[in-house]
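Q: The structure follows.
The values are calculated or read from the model by the stated rules, or taken from the named source; none is laboratory data. Please read these numbers as outputs of a predicted model, since none were measured by experiment. Every residue, glycine as well, gets a Cβ built from its backbone with ideal geometry; the counts of neighbours run over all protein chains shown.
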Ligand code: ADP
């Protein structure tokens, strides 16, 4: 097997950047520790000495200064000495040892000379103690500058050789660098693997989805961006599955439901061709059947589409607050000509505006289907009553007719697709057997209560309730 590195992959880039970062960190560490350590140490020592000098200068007039200086000298590992210009010792680290080492005496002389000659307030220099070859920071400052009784502070702070420290550090750093780099390489390899694994999983699942396997689930991600992406893709696959089901249902329904009217159209067309073509009366009546069947087909197709969409969850409601009284009035208006022509009467009982929250177009369809049924099945008196009122914070809509009614045992079935009650069996262009299933789907999507009351021989009342707004 050939091992090939994909230099453009996220995995490789992550690993590379991580490793480079570790190498850079090591480089900075080397520079700081080895190259800058010497100067850094010296700078630090000088600023420390200056700080100590300032503390002594500030506290010089306080009574417990001598004790303080002892403590400061001990704590900071400094040789502090205070003397007047005429040689009277005010403070020296070992009070018994009044005689200063010759080397310091010589150096103090030099510092004093510099302070006086150049009329400086402070003076510092680095000297080398010849016996131990130790570098020492020598610092001098005036504590009192009164002419003739000047008081001078001397601080000698040894600069311990940093070479050996640097050597130790360097040898340690070699190990630290090797361990860090190896760790960085290995860790970054695992981290980049871990980070890219969910992406690889998603890619695999996505290719399955592309092949039409809609039951694939995206999961296993362990950081929020990937989890969000997985959620989105899961949602997408669910929607795709729904669309696929819708498509399959639709094809099945269409091929099943359209067969009857199409057969009718075909046989009547054949009848016109073979028998009634020359007989205008018969031909017209056969053509009328074809037209009615075509109308039926039209309604059937659109009903099927609505129903399939709603059942598959593709169709989302567009809810708003609307006045249901206006909706009903518009529907009644659209029946006006038909009512007048056919002698029907719609009695609308509604004493005020009623606002509800829902998808107005869909609710309009519910009302239309119910009113349509009431007109279709209302019987001899041709009276349909629509009532809207308020019951317990709900807006109650009902439509009643005085038709044949529906047998009790069939009531629960009339909401099913293509169910036709035994008492009311019409086959016209207006009847698809889907009206009440559409009503049911829409009202279920609205979480609305709905139902039917019917007494054989006395008529039916279909109702639903929506929350009052
Ligand atoms: P259709 O297109 O057949 O009317 P629906 O789904 O609208 O289909 O109704 C299903 C069945 O319920 C109808 O065939 C009819 O038998 C019965 N039905 C519906 N509404 C009424 C009504 N107002 N009075 C009596 N029967 C009704």
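Q: Which residues, counting only those in the range 429-451, are near the ligand (Cβ under 8 Å from one of its atoms) and farther than 15 Å from residue 317 by Cβ?
A: 430, 431, 432, 433, 434, 435, 436, 437
Q: From 365, 311, grab the single residue that is under 25 Å from residue 249 (Cα atoms) and within 13 Å of the ligand (Cβ to nearest atom).
A: 365
Q: Same structure, new question: Restricting the range 386-401 to residues that are farther than 21 Å from residue 336 by Cβ and outside any loop (DSSP other than H, G, I, E, B), which is nearest to the ligand (Cβ to nearest atom)?
A: 398
Q: (1) within 8 Å of the ligand (Cβ to nearest atom); (2) out of contact with any helix residue (DSSP H, G or I) (no Cβ under 8 Å at 6 or more places or on another chain); (3) at pLDDT below 90: which one isn't true of residue 404, the others all being true?
A: Condition (3) is where residue 404 drops out.
Q: Still on this structure: Is there any pair linking a residue in the range 396-417 that is within 20 Å of residue 375 (Cα to Cα) to one that is assigned to a helix (DSSP H, G or I) and more than 8 Å from the ligand (Cβ to nearest atom), with Cβ under 6 Å and at least six apart or on different chains, and which?
A: Every condition considered, the pairs that remain are 399/371; 415/440.
Here is a yes/no grid of residues against (1) touching a strand residue (DSSP E or B) at 6+ places or on another chain (Cβ under 8 Å); (2) in a helix (DSSP H, G or I); (3) at positive phi; (4) surrounded by 18 or more Cβ atoms within 10 Å (Cβ to Cβ):
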position: 310; (1), (2), (3), (4): no, yes, no, yes
position: 328; (1), (2), (3), (4): yes, yes, no, yes
position: 341; (1), (2), (3), (4): no, yes, no, no
position: 357; (1), (2), (3), (4): yes, no, no, no
position: 366; (1), (2), (3), (4): yes, yes, no, yes
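Q: Next question. Just to be sure before I move on: is residue 80 surrounded by 15 or more Cβ atoms within 10 Å (Cβ to Cβ) and more than 58 Å from the chain's Cα centre (by Cα) in the structure I sent?
A: Here the answer is yes, as residue 80 does meet what is asked.
Q: Taking the condition free of Cβ contacts under 8 Å to residues at least 60 places away in the same chain, buried (at least 19 other Cβ atoms within 10 Å of the Cβ) and either within 16 Å of the ligand (Cβ to nearest atom) or within 47 Å of the chain's Cα centre (by Cα) (or both), does residue 383 pass?
A: Taking the combined requirement at face value, the residue does not satisfy it.
Q: Among the residues of the range 183-204, is any surrounded by 12 or more Cβ atoms within 10 Å (Cβ to Cβ), assigned to a loop (DSSP other than H, G, I, E, B) and modelled with pLDDT under 90?
A: Checking the range 183-204: not a single residue is surrounded by 12 or more Cβ atoms within 10 Å (Cβ to Cβ), assigned to a loop (DSSP other than H, G, I, E, B) and modelled with pLDDT under 90.
Q: Moving on to the next point. Applying the selection to the range 407-427, what residues are more than 9 Å from the ligand (Cβ to nearest atom) and either part of a loop (DSSP other than H, G, I, E, B) or at pLDDT below 75 (or both)?
A: Answer for the range 407-427, where residues must be more than 9 Å from the ligand (Cβ to nearest atom) and either part of a loop (DSSP other than H, G, I, E, B) or at pLDDT below 75 (or both): just 407.
Q: When you scan the range 254-299, how many residues do you find that are at pLDDT below 85, farther than 21 Å from residue 435 by Cβ and buried (at least 17 other Cβ atoms within 10 Å of the Cβ)?
A: The qualifying residues number 1.
Q: Can you name every residue in the range 156-182 that is under 41 Å from the mean Cα position of the chain (by Cα) and surrounded by 13 or more Cβ atoms within 10 Å (Cβ to Cβ)?
A: Matches in the range 156-182: 176, 177, 180, 181.
Q: So for the range 209-228 (the condition being touching a residue at least 24 places away in the same chain (Cβ under 8 Å), assigned to a helix (DSSP H, G or I) and surrounded by fewer than 17 Cβ atoms within 10 Å (Cβ to Cβ)), does at least one residue qualify?
A: no
Q: Here's something else I'd like to know. Right, residue 462: touching a helix residue (DSSP H, G or I) at 6+ places or on another chain (Cβ under 6 Å), under 28 Å from residue 257 (Cβ atoms), more than 9 Å from the ligand (Cβ to nearest atom) and at pLDDT 90 or above or not?
A: No.
Q: Working only within the range 229-243, note down all residues that are at pLDDT 90 or above, surrounded by 15 or more Cβ atoms within 10 Å (Cβ to Cβ) and over 11 Å from the mean Cα position of the chain (by Cα).
A: Correct list: 230, 233, 234, 237.
Q: I've got another one for you. Before we move on, is residue 23 under 30 Å from residue 194 (Cβ atoms), part of a helix (DSSP H, G or I) and in contact with a helix residue (DSSP H, G or I) (Cβ under 6 Å, 6 or more places away or on another chain)?
A: When the stated conditions are applied, residue 23 does not pass them.
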